[in-house]
Amino acid sequence: MKKLLLAISFIFISGCAGFGGAKGVAYPGLNEINQGQAQLYIYRPSHFVMSYGIPSFLIDNEVALSIRNGSYSVYNLTPGKHKLELKKNGNWIFESAELEVELPPEKRVFLRLSSNFGAAVLESVPEAQAVSELGNLLYTGSWP
């Protein structure tokens, strides 16, 4: 019986790694911006609330790489306005939210996703502050 409980516990714990926990590599520094493009960095400091939840994430109605707890992603986009959507799903309990962001040519914009007991908030962060916080997170990847 003890072996069975141990096996079930192991399966449960290893299965959680597939949810929204931190995933990626240590912070390698800021990515190069391609000519004629803009970059959007979205990061999510590690927090207990919804730590294994991952919102569905869309950019201009297209499914994009989502934001994991304790990680960040880089989105290489054309300059201009883009519609961002965080969507409620089976493992993200917060209500869906939309945000429009303006990306200047060959510049970076930084957004931080924070979750607490009441809501999830996506807020703009100055580059210096974002870079200091990115050093504690894992780089999940770039999109597209």
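The values are calculated or read from the model by the stated rules, or taken from the named source; none is laboratory data. Everything numeric in this text was worked out from a predicted model, so none of it was measured. Backbone-built Cβ (ideal geometry, glycine too); neighbour counts: all protein chains shown. The area values use the complete protein model at the heavy-atom level, side chains included, leaving out ligands, DNA and RNA. Shrake-Rupley method; radii C 1.70, N 1.55, O 1.52, S 1.80 Å.
Extension gain, residue 81 to residue 133: 0.36 nm times the residue separation minus the Cα-Cα distance gives 16.2 nm. Summarising the label geometry, the points placed 7 Å from Cα in the beta-carbon direction at residue 27 and residue 46 lie 1.3 nm from one another. Once the convex hull of all Cα atoms in the chain is built, its volume per residue stands at 121 Å³.
Solvent exposure of the chain, expressed per residue, is 57 Å² of accessible area, with all protein chains present and a 1.4 angstrom probe.
Would you please classify the overall shape of segment 39-83 from the alpha carbon gyration tensor, given that a ≥ b ≥ c denote the square roots of the eigenvalues, rounded means a/c under 1.5, and beyond that prolate means a/b larger than b/c while oblate covers the rest? It is prolate, given that a/c is not under 1.5 and a/b is the larger ratio.
Per-peptide packing, taken as the mean over residues of other Cβ atoms within 10 Å, places 86-96, 25-35, 131-141 in the sequence 131-141, 86-96, 25-35 from highest down. How would segment 54-137 be classified by its alpha-carbon gyration tensor: rounded, prolate or oblate, with rounded meaning a/c under 1.5 and the a/b versus b/c comparison settling the rest? Here segment 54-137 falls in the oblate category. Give the calculated FRET efficiency between residue 93 and residue 61 to the nearest 0.05, with a Förster radius of 22 Å applied to their Cβ-Cβ distance. FRET efficiency, residue 93 to residue 61: 0.45.
A simple rule links phi to the HN-Hα coupling: the Karplus curve 6.51 cos²θ - 1.76 cosθ + 1.60 with θ = phi - 60°, which for segment 101-115 gives 10, 9, 10, x, x, 6, 10, 10, 10, 10, 10, 10, 9, 10, 10 Hz, with x for Gly and Pro.
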